[in-house]
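Below: the structure, in structure tokens.
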Amino acid sequence: MKKVRVGLIGIGGICNGVHIEGYKKVEECEITAICDIDISKLKKVGDKLGIPENRRFKDYKDIIACKDVDVVDIATWNSVHCEIAKAAALAGKSFSIEKPVGMNYAEALDLSKTTEEMGVESFVTLSWRYRPYTRYVKHLISTGKVGKLYHIYVRCIKDSGLWEGRKREWRFDKSRGGSGVLGDLGSHMVDIVRFWGQEFKDVYCKTGIFIKERPSEEDGTILPVDTDDWCNIIASLESDTSCTIQLTRCATTVANLMQFEVYGDKGKLIYTFLDDVQSIEFVDAQTKEKEMLTPPPQFDAIQSKSFINLVNGIEDEYTAKITQGLECQAVLDAAVRSSEENRVVTIEEIKGENK
């Protein structure tokens, strides 16, 4: 089988920390070109990967046109996701795109339509889908381990907004990020609720900013922050299950915690990810006995491999394509509007405006 030749667009933190390392584990692909507006990143990453100078691009149009690139991986800031992905699709090249898909539902819908029309594969890095523990929880819920669902409580809390000297990077700039923790972290949490078989009906959302100024990346000038540091969502699901999502970058002393509590008539299931240590605990509703569960090997996955498999015509039930990213975007749009207008916003309201 011929290796899929991958071109990387946006070679910052998430690309270096997750995407590149993932592709290195996949025999069926190779990274053949890179693209970034930052020349220093092109040199550093290009040298590390052994990418020749003529395949280190500053303009995404050039890497898409490159004859040595079959597919592109897009890990830029949010405001150019759809623009780049649409250009790739129109060039007949499949793409992987970071979450959230776009700045709003309208542009994500436009990308979805273009992708379908061009017949290319689309892949959204809603990365918690590609982890064995969340896949196993999906299996446990779908096979009735907790029974009829009553409540889903989600917490995604970090101290990353409190790092000393953290600059006003794109995540703190509404014009490039769209939103803060809502889009950055909340997109994953919304998707996992959907991944576990639930659809959102409406949301009520409150957001806020604690760190209102940060030094610019260019010269250290103090600039205002206009994206949310924290976000709380109360949601109604189509199944009438209640759902609450708590997000923050300002959780003092907590570096990285994701916790999902699922309550049903047969018991409660708690999945915890704390500083890379994971666990699944089930408590039986009748006996009150506690059981610790570990995912069997069949739930193992690598995000980058899932993308390459998709390109090669191998698709599994867990893969997030553009349609899944679009559904997630509708919930994010509803949450943004709810926060701005201080009211409950239905998902149908967002979709109905874009029919």
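Brief remarks on what is shown
- Here r is the Cβ-Cβ distance between Leu90 and Lys58 and R0 is 22 Å; the resulting FRET efficiency, rounded to 0.05, is 0.60.
- Gained length - Val283 relative to Lys266, 0.36 nm times residue gap less alpha-carbon distance: 5.3 nm
- Taking the charge dipole of the range 20-148 about its Cα centre, with +1 at Lys and Arg Cβ atoms and -1 at Asp and Glu Cβ atoms, the residue from Leu42, Gly22, Gly102 reaching farthest to the positive side is Gly22.
- Additional length obtainable on full extension of the chain from Glu218 to Lys25, 0.36 nm per residue less Cα span: 66.0 nm
- Here the 3J(HN,Hα) profile of the range 12-29, calculated from phi with Karplus coefficients 6.51, -1.76 and 1.60 at θ = phi - 60°, is x, x, 5, 5, 6, x, 10, 5, 4, 4, x, 5, 4, 8, 10, 5, 7, 9 Hz, Gly and Pro shown as x.
- Beta bridges per DSSP with both ends in the chain, % antiparallel, nearest 5: 65
- For Asn16 and Lys321, a Förster radius of 22 Å and the Cβ-Cβ distance give a FRET efficiency of 0.35, rounded to the nearest 0.05.
- When you count the other C-beta atoms within 10 angstrom of each residue and take the mean per peptide, 175-182, 148-155, 107-114 line up highest first as 175-182, 107-114, 148-155.
- The range 1-102: C-alpha gyration tensor shape, a/c 1.5 cut-off, then a/b vs b/c: rounded
- Debye log10 I(q)/I(0) for the range 228-286, one point scatterer per Cα, at q = 0.13, 0.17, 0.21, 0.28 Å⁻¹: -0.46, -0.75, -0.99, -1.14
- Length added when fully stretched, Ala65-Arg5, from 0.36 nm per residue minus Cα-Cα: 20.3 nm
- Peptides ranked, highest mean first, by Cβ atoms within 10 Å: ranges 200-207, 24-31, 69-76: 69-76, 200-207, 24-31
- For a modelled paramagnetic label at Asp275, 7 Å from Cα along Cα-to-Cβ, the residues of the range 157-189 in reach, with backbone nitrogen under 13 Å, are 159.
- For the range 248-318 versus the range 114-161, the inter-centroid distance based on Cα atoms is 9 Å.
- If you sort the three axes of the alpha carbon gyration tensor as a ≥ b ≥ c, you get a/c of 1.5 or more for the range 94-238 and a/b no higher than b/c, which makes it oblate.
- Per-residue [θ]222 nm for the chain (sum of -39500 (n - 2.57) over DSSP H runs n ≥ 4, rounded to 500): -9000 deg cm²/dmol
- Ordering of 44-50, 84-90 by packing [mean C-beta count within 10 Å, highest first]: 84-90, 44-50
Bear in mind these aren't lab numbers, they're just calculated from the coordinates by the rules spelled out. Computed from a predicted structure; not experimentally measured. Ideal geometry is used to build each Cβ from the backbone, glycine not excepted, and the neighbour counts take in all protein chains shown.
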